[in-house]
Amino acid sequence: MFDLTPIDKNNRLQRDYFFMNLAVMYRTRGTCPRLKVGCILTSMHRLVAAGYNSSPPNQPHCEDVGCLLKNNHCIRCPHAEIAAISNLEHRYNDLTAYVTAQPCYFCLRALFMAGTKDIYYIKSFIDLDRDELARSFNIPMIQMPWPYKDCKDLIPFDSEAYRSKDNGIRTVKRETPVI
Ligand SMILES: [Zn+2]
Ligand SMILES: [Zn+2]
């Protein structure tokens, strides 16, 4: 059982929610209007890299020139997970990834290559190949309850502000890992 209650017993923002809040903040810098995603990588509960989906350096942004669509996917922007991995300064074998949207097949594989042991996400996407790969890699993917639509807003850092909202996720326990 994972306890995914956002506020811990000491009235602090619980660690997984703290890091996911950062991922939600990072996603706001994304430049593809179809989907903005943020990714935080931690090792031993410390932030080691972060990224969001945006055009490669010196390339035009989707917001300015439109998306580059193939099979109904925009292929211009490296995904947030790839951006975060490329920001790693060292090798790790115990990473936890916090991603605002469930990784795609390619990013799951890249996260595994980078030493990721588990993945937290908010918004789910159906991808049976990705799920099969996650099972074969034995990487748990854990969906975090998030009280705001499309992960657009942060969980309040102030526990009083949090408790004053009737968002229905004060205590969330679920069977995990969910693969
Ligand atoms: Zn785009
Ligand atoms: Zn991806």
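The values are calculated or read from the model by the stated rules, or taken from the named source; none is laboratory data. Please read all numbers here as calculations on a predicted model, not as lab measurements. No Cβ is skipped: glycine too gets one built from the backbone with ideal geometry, and neighbour counts run over all protein chains shown.
Tabulated values for the structure
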{"quantity": "Test: Ala101 is under 24 Å from Met141 (Cα atoms), within 16 Å of ligand 1 (Cβ to nearest atom) and small (Gly, Ala, Ser)", "calculated": "yes"}
{"quantity": "Pair list, Cβ < 6 Å and 6+ apart or interchain, from region 102-127 residues that are on the phi > 0 side of the Ramachandran plot to residues that are within 13 Å of ligand 2 (Cβ to nearest atom) and not in a strand (DSSP E or B)", "calculated": "none"}
{"quantity": "Which numbered condition Pro147 fails, given (1) in contact with an Asp or Glu (Cβ under 9 Å, 6 or more places away or on another chain); (2) surrounded by 19 or more Cβ atoms within 10 Å (Cβ to Cβ); (3) outside any strand (DSSP E or B)", "calculated": "(2)"}
{"quantity": "Filter result (of a type outside the set (Gly, Ala, Ser) and either more than 11 Å from ligand 1 (Cβ to nearest atom) or over 19 Å from the mean Cα position of the chain (by Cα) (or both)) within region 34-44", "calculated": "Val37, Cys39, Ile40, Leu41, Thr42, Met44"}
{"quantity": "Whichever residue in region 1-53 is basic (Lys, Arg), touching a strand residue (DSSP E or B) at 6+ places or on another chain (Cβ under 6 Å) and surrounded by fewer than 18 Cβ atoms within 10 Å (Cβ to Cβ) and, among such residues, is farthest from Asp153 (Cα to Cα)", "calculated": "Arg34"}
{"quantity": "Ile85, sole failed condition from (1) within 13 Å of ligand 2 (Cβ to nearest atom); (2) without any contact (Cβ under 8 Å) to a residue 24 or more places away in the chain", "calculated": "(2)"}
{"quantity": "Selection count where residues are among the small types (Gly, Ala, Ser), assigned to a loop (DSSP other than H, G, I, E, B) and more than 8 Å from ligand 1 (Cβ to nearest atom), scope region 45-82", "calculated": "2"}
{"quantity": "Residue match in region 102-109 (condition: more than 10 Å from ligand 2 (Cβ to nearest atom) and at pLDDT 95 or above)", "calculated": "no"}
{"quantity": "Meets criteria (in a loop (DSSP other than H, G, I, E, B) and either on the phi < 0 side of the Ramachandran plot or of a type outside the set (D, E, K, R) (or both)) for Asn21", "calculated": "no"}
